[in-house]
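Everything on this sheet refers to the single structure shown next.
Any read-out appearing in this document is the output of simple, stated calculations on the displayed coordinates, not a laboratory observation. What you see is a predicted model; the values in this text were computed from it and never measured. We place every Cβ from the backbone using ideal geometry, glycine too, and count neighbours over all the protein chains shown.
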Amino acid sequence: MATSPLSDERVYANTADAVYVSEDRGRSWSHRAGDLKARYGRAIAVHPDDPDCLLASVSTGPHGRATGWLYRTDDAGRTWTHVADGFPPSTKGNIDTFQLAFSPQGLAWAAVDKTLFVGRDRARRWAPYYEAPHPIIMISCRGKEGA
């Protein structure tokens with residue numbers, strides 16, 4: 001689940017049947033899976049300055065032998081674009097719930113195994129940022145104090 005401080009009514013959910021969006025705080029939902037390669041959803045993140053800009057991870061299933069993909073949208077999930085500019089075209093396993101985030105400054109972050117990727121230009125362009133000694137299981141983003 002994800003929300004945006006810029007859109008009080010909107011709620012996003014990435015589920016076992018892909019992405020759903022509610023425009024009325026969860027009273028009704030729209031299924032937004034159209035362009036996704038797979039439907040088993042895991043992580044979802046919302047750009048801090050644009051509630052229509054999202055990232056979502058999907059895969060072929062919940063278990064370790066799954067193949068995963070990262071997608072982005074600029075229209076709240078009505079259309080999706082596969083993220084591949086500087087990011088792996090697919091992943092072994094899932095990009096899990098706590099492995100995808102936007103920072104308050106609008107940088108996108110994703111962990112794939114031992115690699116932390118950073119996404120710039122509203123998560124259109126990606127590059128490896130850090131290689132950890134062990135698989136990264138969780139990331140968290142926060143802003144600078146006083147900013």
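Values as computed for the structure displayed
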| item | result |
| --- | --- |
| Subset tally (residues that are under 15 Å from Trp80 (Cα atoms), more than 14 Å from the chain's Cα centre (by Cα) and polar (S, T, N, Q)) for the range 1-38 | 1 |
| Residue in the range 8-24 that is assigned to a loop (DSSP other than H, G, I, E, B), of a type in the set (S, T, N, Q) and surrounded by fewer than 22 Cβ atoms within 10 Å (Cβ to Cβ) present | no |
| Flag for Ala127 being surrounded by fewer than 16 Cβ atoms within 10 Å (Cβ to Cβ), without any contact (Cβ under 8 Å) to a residue 40 or more places away in the chain and of a type in the set (A, V, I, L, M) | no |
| Some residue of the range 1-11 being free of Cβ contacts under 8 Å to residues at least 60 places away in the same chain and more than 25 Å from Ile139 (Cβ to Cβ) | yes |
| Filter result for Arg42 (under 12 Å from the mean Cα position of the chain (by Cα), basic (Lys, Arg) and closer than 18 Å to Asp96 by Cα) | yes |
| Set Ala108, Ala127: member being of a type outside the set (Phe, Trp, Tyr), in contact with a Gly (Cβ under 7 Å, 6 or more places away or on another chain) and over 20 Å from Leu36 (Cα atoms) | Ala127 |
